[in-house]
Amino acid sequence: MMSDNLYHVHIQKLCAMLRIGELIDAPEAVSGGFLHRMYSITTSQGKYAIKALNPQIMQRPDAMQNFIRSERIAERAANHVPALPALQSDGVWMHEIDDQFYLVFPWVDGKCLKPSEVEDVHCGEIGSILADIHSMDFSGLGLSHEVSHSALIDWDEYAQKGQENHALWANQLLPMRDSLYAWNALAHQAEQFLAVDQVISHRDLDPKNVMWHLDKPILIDWESAGSINPMQDLVETALYWSEDEHGTMNRDRFIGFIQSYKQKIGVIQTDWRKVLEYGFTGKLGWLEYNLKRSLRIACSDEEEQKMGTAQVIETIHGICRYADGIPEIECWLRKI
């Protein structure tokens with residue numbers, strides 16, 4: 001990625017392009033998740049959040065269309081739920097300066113909750129909002145309900161490359177290859193069952209993507225928005241909001257989330273074991289992506305490579321916890 005100084009030059013041009021005023025202070029780097037760089041700026045017209053999109057991601061053939069699709073979804077969703085879409089200029093969300101792409105958002109004075117700060121009331125509110133999203137009419141946006149099929153990943157190759165590069169995670173990945181292949185196969189089989197029923201949703205509505213202002217939620221970062229099985233989305237999101245800082249599940253928060261969703265949706269009939277097995281898909285995909293970053297196969301700079309390594313280690317632990325917890329979570333779901 002570029003230096004902060006070059007981003008600052010771009011942001012000055014961006015302000016002029018979007019006619020959002022002149023910079024009053026230097027852009028300030030802020031926390032913005034695991035994929036992109038975020039800056040806060042103050043101009044003569046107000047305060048804004050600038051997302052500098054990861055160049056590696058933007059090289060993907062479908063990246064541009066994915067971002068455009070996600071912002072169209074966010075804009076439509078904002079009519080019914082507290083969503084925060086990017087600002088448009090002349091009908092365009094995505095802005096390019098010297099081959100670097102940006103999204104610009106109004107600044108939100110709020111905070112994302114840490115796992116230790118999440119309470120039952122938050123779970124209930126997000127469960128209800130998720131039901132609203134699943135019930136929305138997104139027709140007219142030209143969205144496809146096609147399912148992106150889960151890949152069968154070559155874990156042996158990553159384990160070998162990890163050993164060759166003396167990666168910090170190499171000795172963790174090597175002995176769990178059989179489990180990874182087994183989980184990958186379960187997810188692939190479950191996909192055939194769940195692909196029939198699809199809705200449009202945020203698809204990554206965890207606590208880091210919800211800001212709270214005066215105890216009211218604002219849904220941010222719609223980058224992953226698209227088609228998903230509603231029960232898969234429900235369970236994954238309920239799990240996000242039910243984990244403590246150590247990854248331990250809070251049963252009451254989980255059940256409260258599901259019950260709040262059911263109050264709006266009604267009776268739910270599904271194969272919960274298949275839903276939970278399909279839950280491996282996103283986790284394994286995230287693990288592979290970070291293996292590539294850690295091994296510099298898909299990586300912009302040293303900072304991103306280090307982040308990839310840290311995420312590999314964290315994700316390995318997370319997947320193992322998830323696998324161990326499936327029987328208990330399935331039991332909770334059957335009793336709701």
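The values are calculated or read from the model by the stated rules, or taken from the named source; none is laboratory data. This one's a predicted model, so the numbers in the text were calculated from it and none came from an experiment. Every residue, glycine among them, receives a Cβ derived from its backbone with ideal geometry; neighbour counts consider all protein chains shown. Please note that ligands, DNA and RNA were not included when accessible areas were found on the heavy atoms of the full protein model with its side chains. Shrake-Rupley method; radii C 1.70, N 1.55, O 1.52, S 1.80 Å.
Details
- Count - residues of the range 177-227 that are surrounded by 18 or more Cβ atoms within 10 Å (Cβ to Cβ), farther than 27 Å from ASP62 by Cβ and in contact with a helix residue (DSSP H, G or I) (Cβ under 8 Å, 6 or more places away or on another chain): 2
- Failed criterion for ALA78 (all others in (1) at pLDDT 95 or above; (2) open to solvent by 80 Å² or more (accessible area, probe 1.4 Å) hold): (2)
- Residue within the range 311-325 that is touching a Lys or Arg at 6+ places or on another chain (Cβ under 7 Å), open to solvent by less than 70 Å² (accessible area, probe 1.4 Å) and not in a helix (DSSP H, G or I) present: no
- Residues that are part of a helix (DSSP H, G or I), under 26 Å from the mean Cα position of the chain (by Cα) and touching a residue at least 60 places away in the same chain (Cβ under 8 Å), drawn from the range 152-161: TYR158
- Hey, THR281 surrounded by 17 or more Cβ atoms within 10 Å (Cβ to Cβ) and either within 21 Å of ASN184 (Cα to Cα) or at pLDDT below 95 (or both) or not: yes
- For the condition part of a loop (DSSP other than H, G, I, E, B), under 30 Å from SER294 (Cβ atoms) and at pLDDT 90 or above, PRO61 qualifies.
- Within the range 139-167, considering residues that are modelled with pLDDT of 95 or more and surrounded by 14 or more Cβ atoms within 10 Å (Cβ to Cβ), the one farthest from THR281 (Cα to Cα): ALA167
- Inter-residue pairs, beta-carbon under 8 Å, first under 12 Å from THR237 (Cβ atoms) and in the range 128-145, second open to solvent by 20 Å² or more (accessible area, probe 1.4 Å) and part of a loop (DSSP other than H, G, I, E, B), 6+ apart: ILE129/PRO82; ILE133/HIS80
- Scanning the range 81-92 for residues that are modelled with pLDDT under 90 and open to solvent by less than 50 Å² (accessible area, probe 1.4 Å) returns a single hit, SER89.
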